Every structure is written in structure tokens, then in C-alpha cells.
Amino acid sequence: MGSRKPHVAIFPGAGMGHLIPVAELAKRLSGSHGLSLTFITCKWMFSPRLLAAYSENMASSGFDINFIQLPEVEIEGAQHMKPEVCLSKFFEKSKGSVENALRSLVDSASPVSAFITDFFCSTMFDVAAELRIPTYVFFTSAASVLSVLLSLPKIVSEIPISFKDADFPIEVPGTPPIPGRDMPSPLQDRSDEAFYWFQHHSSLLWKVTGFLVNTFEDLEPEAIKALMEGKISKPKDIDRMPSIYPVGPLISSSPLEHNDKLVEDGRADCLKWLDNQPPSSVLFVSFGSGTGLPRAQVTELALGLEASGHRFLWVLRSPSSSFLSIEETELFQLLPEGYQNRTQDQGLVVASWAPQISVLSHPSTGGFLSHCGWNSTLESISYGVPMICWPLFAEQKMNRILLVNEFKVAIAAKMESDEFVRRGEVERTVRELMEEESGMRVRARVRELKEKAVSALEEGGSSYKAMAAAVSEWTANAANSAAT
Ligand code: UDP
């Protein structure tokens with residue numbers, strides 16, 4: 001029997017929120033656990049420059065990672081589709097070329113012993129099964145969200161109405177009760193095509209061998225326990241719960257200066273500005289890599305931040321998704337007249353993108369007004385920065401419940417029934433986080449969790465051990481295939 005180095009193929013989900021953690025997963029699997037990896041990607045998934053930057057970064061760091069670039073696919077009318085629908089269709093259309101890539105790897109001198117992919121790529125599960133490659137999903141959201149998705153077939157059979165119309169909380173193993181309207185946005189309306197796709201992916205999730213989840217035991221003990229102990233009802237045709245490996249928090253170790261460039265040298269101006277601010281005095285304001293707030297909401301946020309009197313660093317993004325084509329001056333016109341002049345001693349507004357990891361790890365940063373994206377959440381916890389929750393879409397409202405009620409690392413901005421946040425509420429929450437006793441409590445708690453996050457990843461920590469357990473499964477597969 002040969003002692004072959006396991007070779008694992010990764011086909012990631014699309015977009016920044018997926019690429020950033022999966023790149024980190026790849027680096028750890030190669031760097032700390034000695035795996036050989038092949039990254040299968042397609043141009044439409046990421047900006048070519050971003051992918052080139054990541055590939056170069058990985059190659060120059062000496063990781064054993066190769067890349068296979070798949071042919072382009074096109075979906076008619078993609079620009080009019082909801083992101084979840086569009087992504088699902090793109091992946092479905094990429095199935096044939098992923099199959100070809102996997103076949104070439106199976107037939108290679110170093111056959112793959114595991115295939116790691118994304119929730120949205122459920123269409124690839126049977127391709128890998130046919131090739132007898134065990135499939136693992138790298139789940140880039142909370143374990144609690146995974147619990148919701150695995151429970152979806154049962155919930156749908158028991159609750160006959162859309163979550164948007166449910167005026168009662170939804171019970172899911174290992175998670176706090178979730179008001180219907182706080183369930184992930186693609187699940188809100190059963191007549192919506194996005195719901196169809198989520199239900200489809202969720203039902204197929206049961207067929208994978210395991211999940212690598214970007215979370216850690218001390219963060220989500222109940223959800224992880226519920227998943228590991230098989231507390232979620234299995235569909236009739238399934239006889240085993242997939243294995244669960246909480247391997248997080250996997251956050252970027254290479255901050256992005258712009259949306260498509262890694263920081264290699266020099267520092268962004270906003271970091272130089274932060275250097276000149278007092279310790280823990282600045283509120284970082286950012287809503288992730290998606291679209292920005294509408295103009296009326298930008299005005300309320302701007303005036304609320306100003307009225308709070310606290311220092312802020314705000315990443316302003318265009319409400320249209322084509323932010324890259326927008327000129328900086330045009331973007332700043334979204335702000336109230338004279339705003340930047342008036343607030344020049346109080347805050348800094350940057351256009352479209354900031355190196356978030358460097359900002360959160362900067363000693364001057366004392367709070368984060370966040371859209372509750374899961375990567376942002378893990379990054380904020382990893383650097384001990386307390387949050388104000390202002391969720392927009394996807395699973396962010398559910399994350400708010402976790403952040404405020406379970407992890408106790410954040411306070412919530414109250415939204416009107418139309419989800420609008422008024423300037424007075426912005427001012428109130430900023431003051432609460434930065435000045436009040438309740439703000440101090442969440443600050444102390446997030447610092448506690450920061451230590452636990454660090455320990456989880458250290459050799460011997462829960463996440464390190466979980467990753468090692470997955471790797472030893474793949475090593476056994478590699479040894480078996482070498483023996484046959
Ligand atoms: N990000 C960044 N700078 C920005 C906006 C986002 O570096 O100005 C990074 C952020 O650090 C995180 C990712 O982009 O790693 C956003 O992921 P998240 O899950 O928080 O939100 P999404 O963009 O997927 O909604």
C-alpha cells in the first residue's frame with residue numbers, strides 16, 4: 001500500500017463571499033495538512049484579475065495548488081435574474097465541463113480522493129458520485145443556516161405557507177426560534193424561483209459525504225451538536241447524516257485593497273487615516289461586497305453618523321450593481337450636500353471598497369456597523385470588534401439573531417416595517433455601542449470569542465482537529481485507491 005499524498009479537487013461557489021474563505025481553506029489544506037489541490041474555476045465566477053491575483057498569491061506562497069480553468073458559459077437573460085437563480089443556472093450549465101475536469105483528474109497519476117464544492121453546486125454531486133469521488137460541501141455560512149437548509153424538506157412538508165406570511169417562529173434543531181421573516185431571503189416566498197432552487201439544493205445536500213463548515217465549536221455549540229448528533233430529521237431515502245467538520249473561522253489572510261487586487265505593497269489611504277485616530281475610537285461602516293444602500297437610506301445613515309459625534313470609516317457603494325463603472329465623484333454625490341467637508345475631522349468616506357481585514361485588525365477600530373454577512377461576522381469576531389447589525393438580504397437577518405441573541409457580540413439597529421433605518425436610530429445605536437454599558441458588554445464578549453477563535457485554529461484546537469479528521473479520511477481514500 002503506497003503512502004500517497006491526498007489530492008483533493010475544489011470547485012468553489014461564485015463571488016467574493018465564497019472565494020475568500022475557500023482560498024483560505026485551500027491554503028490551510030495545502031500548507032498545514034500537506035494536501036495537493038486542484039482548483040477548478042470558470043471565468044464567470046470571479047473577476048479574471050481577482051482570480052489571477054489569488055492564483056499568483058497561492059503559487060508564490062509555495063502551496064501545492066493547481067488551477068483548471070473551465071470554458072465560459074452564458075445564460076440568456078442572466079442580468080434580470082435573482083442572484084440565487086442565476087448562480088444555480090450557471091452551475092447547472094457548467095456541469096459537463098466540471099465532469100470532464102474531474103474525469104481528467106481521476107485518470108491522472110494522482111487521482112482525487114475528495115471533491116469539495118459549494119451549496120449552489122448540488123448539480124455536481126452526482127457527477128462526483130458516478131466517478132466514485134466522495135463529495136464534501138464547504139459551507140460558507142453558519143452551522144445554524146446549514147441546520148435550516150437540511151431541515152427544509154421537513155419544514156416545507158409541515159408548514160404549508162410562505163415564511164413571509166408566517167407570523168410564528170420556525171423551530172429548527174440547534175438554532176434559536178427564527179421569525180418567518182428572518183429566514184433566509186430566497187426562502188421567503190414559495191412561488192419564487194429562488195425558493196425552488198434553494199429547495200432543490202437543500203434536498204440534494206443530504207447526499208454528500210460531509211460538510212466542512214466555516215464556524216467553530218465555541219461559537220455555535222448547539223447547532224454543531226444538533227448536526228453532529230443527527231438531530232435533524234432525515235428524508236426517507238437517506239440512511240446516514242453526512243459528517244460535520246467545523247473548520248472555521250477561515251478568514252482571509254491576504255487583505256484585498258480593491259475588489260480585484262490583493263495588497264502586496266503600500267497601504268490604502270484609509271489605513272493611513274486610521275493610524276492617526278485614537279485607539280478603539282472608529283466605527284467601521286460597510287455592507288459587504290454586494291450592492292449599496294438606496295440614496296434615501298444613505299442620507300439617513302450619513303446624518304445619523306454625523307449626529308453621533310463618533311469617528312467613522314464608511315465604505316460607500318453604489319446602489320446599482322455596476323459600481324465598478326461609477327466614477328468616485330458620482331458616488332460621493334449620493335451623500336448629503338457638503339457632508340464630506342462638514343465631517344472631515346470626524347470621519348472618512350471611501351469609495352466602493354476598503355481592505356476590511358486590515359481595517360478590522362487596526363487598533364483604532366472600535367466597532368463595525370455591518371450587514372451581517374457571514375465572512376464579515378467571522379472577521380469581526382476574529383479581531384474582537386463588536387458590531388451593530390443592519391442586515392440586508394440572503395441569510396443576514398438570521399445571522400442578526402445569532403449575533404445579538406446567541407453570540408451576544410452585537411446590538412441591532414431597529415428597522416421600520418419597510419426596513420428603513422432612521423437617522424435617530426443610527427445615532428442611538430452608534431452611541432450605545434461606543435459609549436454605553438451594554439456596548440461594553442458586547443465588546444467584552446467579542447474579545448472572549450476572539451480568543452476562542454484563535455484557539456480553535458491552533459494545532460490541537462477544535463477546528464484544527466476537525467480539518468485533520470477530514471484529511472485523514474481523504475488520506476485513507478488515497479491509500480485505498482493506491483492499493484487497488
Ligand atoms: N470585503 C472587503 N472590503 C470591502 C467589502 C468587503 O475586503 O469593502 C470583503 C470582506 O472582508 C469579506 C467579504 O468581502 O471577506 C464579504 O463577505 P461577506 O460574507 O461579509 O458578505 P457578502 O459580500 O458575501 O454579502
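Structure notes:
- Pairing each residue of region 413-431 that is assigned to a loop (DSSP other than H, G, I, E, B) with any residue that is of a type in the set (Lys, Arg), provided the two are 6+ apart or on different chains, yields C-beta distances under 8 Å for 416/422; 421/414.
- Residue satisfying all of: in region 271-296; surrounded by fewer than 21 Cβ atoms within 10 Å (Cβ to Cβ) and not in a loop (DSSP other than H, G, I, E, B); nearest to the chain's Cα centre (by Cα) among these: 271
- When 154, 93 are screened for being surrounded by fewer than 16 Cβ atoms within 10 Å (Cβ to Cβ) and within 25 Å of residue 241 (Cα to Cα), only 154 passes.
- Considering residues of region 1-43 that are out of contact with any Asp or Glu (no Cβ under 6 Å at 6 or more places or on another chain) and among the polar types (S, T, N, Q) only, the residue nearest to the ligand (Cβ to nearest atom): 41
Every residue, every condition in (1) within 16 Å of the ligand (Cβ to nearest atom); (2) at pLDDT 95 or above, yes or no:
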| residue | (1), (2) |
| --- | --- |
| 391 | yes, yes |
| 398 | yes, yes |
| 409 | yes, yes |
| 417 | no, no |
| 424 | no, yes |
| 429 | no, yes |
| 470 | no, yes |
| 473 | no, no |
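- Of all residue pairs spaced 6 or more apart or on separate chains, those with beta-carbon atoms under 7 Å, a first member in region 76-87 that is more than 17 Å from residue 199 (Cα to Cα) and a second member that is assigned to a helix (DSSP H, G or I) are 78/86.
- Pairs are defined by a Cβ separation below 9 Å, a sequence spacing of at least 6 or placement on different chains, a first member in region 20-40 that is over 21 Å from residue 70 (Cα atoms) and outside the structural domain of residue 63 (by TED's automatic domain parsing), and a second member that is part of a helix (DSSP H, G or I) and within 13 Å of the ligand (Cβ to nearest atom); no pair meets this definition.
- Residue within region 378-386 that is within 15 Å of the ligand (Cβ to nearest atom), in contact with a strand residue (DSSP E or B) (Cβ under 6 Å, 6 or more places away or on another chain), hydrophobic (A, V, I, L, M, F, W, C) and in a helix (DSSP H, G or I) present: no
- Test: residue in region 161-172 that is within 16 Å of the ligand (Cβ to nearest atom), crowded, with 23+ Cβ neighbours inside 10 Å and in the same structural domain as residue 226 (by TED's automatic domain parsing): no
- Of all residues in region 44-55 being more than 25 Å from residue 127 (Cβ to Cβ) and in contact (Cβ under 8 Å) with a residue 12 or more places away in the chain, the one that is nearest to the ligand (Cβ to nearest atom): 50
- Matching residues, region 46-80, being in a loop (DSSP other than H, G, I, E, B), in contact with a helix residue (DSSP H, G or I) (Cβ under 7 Å, 6 or more places away or on another chain) and more than 19 Å from residue 26 (Cβ to Cβ): 71, 72, 73, 75
- The one condition in (1) out of contact with any Ser or Thr (no Cβ under 6 Å at 6 or more places or on another chain); (2) within 16 Å of the ligand (Cβ to nearest atom); (3) modelled with pLDDT of 95 or more that residue 309 fails to fulfil: (2)
- For residue 368: the one exception among (1) aromatic (Phe, Trp, Tyr); (2) within 16 Å of the ligand (Cβ to nearest atom); (3) surrounded by fewer than 18 Cβ atoms within 10 Å (Cβ to Cβ): (3)
The values are calculated or read from the model by the stated rules, or taken from the named source; none is laboratory data. No experiment lies behind these values; they were computed from the predicted model shown. Cβ coordinates were reconstructed from backbone atoms using ideal geometry, including for glycine residues, and neighbour counts include every protein chain displayed.
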